[in-house]
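Scroll down for the structure; my scribbles are underneath it.
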Amino acid sequence: MASRYRGNGNKLRRKSAKDSVGEEREISNSLDFATDGDEIDSDLPVPNFSFTVASVVVSCVSVLCYFNSCKGGFVFDDSEAIVGNKDLNPDIPLGKLFLHDFWGTNVSSNTSHKSYRPLTILTFRFNYWLAGGLKPWGFHLLNVMLHAAVSILCLKLFSILVGGRNKITFYYDTAPTRTQFPAPKASFVCAVLFAAHPIHTESVSINIS
């Protein structure tokens with residue numbers, strides 16, 4: 001049986017509920033300090049935008065960085081996944097897309113690559129309809145628009161990560177005690193870096209990515 005006395009002979013005392021509450025408050029305060037976006041924001045020499053304005057700026061940055069890809073053509077595997085893929089033809093029933101692999105071959109065939117991505121092929125069909133055929137600019141334009149949308153979502157994500165989850169609301173409210181867009185400066189800088197980072201070049205500029 002474990003001893004109920006410390007090494008110095010004093011009897012161990014069970015923690016009271018009051019002590020436990022005090023410790024929880026100390027831990028909560030330390031977490032609030034560690035995740036307080038106000039401390040980070042105060043040192044950043046950038047404008048303090050609202051979420052709407054920051055979203056517009058971030059989307060414009062993402063479009064400006066990759067809009068020149070709309071002038072490009074189909075490259076690399078686009079020739080097989082898009083140009084030579086019969087599933088993009090409007091005459092092919094949509095149900096057939098779920099029976100074919102990524103390259104348009106029946107998935108049950110021995111010659112099939114077995115790479116099954118029907119949702120991706122559906123987006124190619126939408127691109128085909130949007131551009132009015134196999135026109136590269138339509139495919140590239142949708143990729144750029146999707147990148148802009150993801151960059152705006154990252155603005156909200158960085159606001160949650162930097163601002164601290166205890167200050168986040170997922171609905172609009174006029175209550176002064178609630179913060180709708182915490183750490184706006186830090187979130188804006190992170191989102192702009194994400195939107196303009198060259199690591200996305202292949203994902204945005206090459207259609208099959």
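Here, each number is a calculation from the coordinates, and none is a lab measurement. Because the structure is a prediction, the values reported are computed rather than measured.
Using only alpha carbon pairs under 8 Å that are at least six residues apart, calculate the relative contact order of the stretch 87-128 and give it in whole percent.
Values: 46 pairs, mean separation 16.5, N = 42.
It rounds to 39 percent for the stretch 87-128.
Report, by chain and number, residues whose modeled amide H sits under 5 Å from the one on His100, excluding near sequence neighbours (fewer than 5 apart, same chain).
Close amide H contacts, sequence-distant or interchain: Val107.
Here are some pairs, Lys71/Lys96; Lys71/Lys156; Lys156/Lys185; Lys71/Lys114; which of them have Cα atoms lying more than 21 Å apart in this structure?
Working: Lys71/Lys96 32 Å; Lys71/Lys156 31 Å; Lys156/Lys185 12 Å; Lys71/Lys114 32 Å.
In this structure, Lys71/Lys96; Lys71/Lys156; Lys71/Lys114 lie more than 21 Å apart at Cα.
Could you calculate the contour length gain from Leu157 to Glu80, that is, 0.36 nm times the residue separation minus the distance between their Cα atoms, to one decimal place in nm? Can you show the working numbers first?
Values: separation 77, 0.36 × 77 = 27.72 nm, distance 3.59 nm.
Roughly 24.1 nm would be gained on extension.
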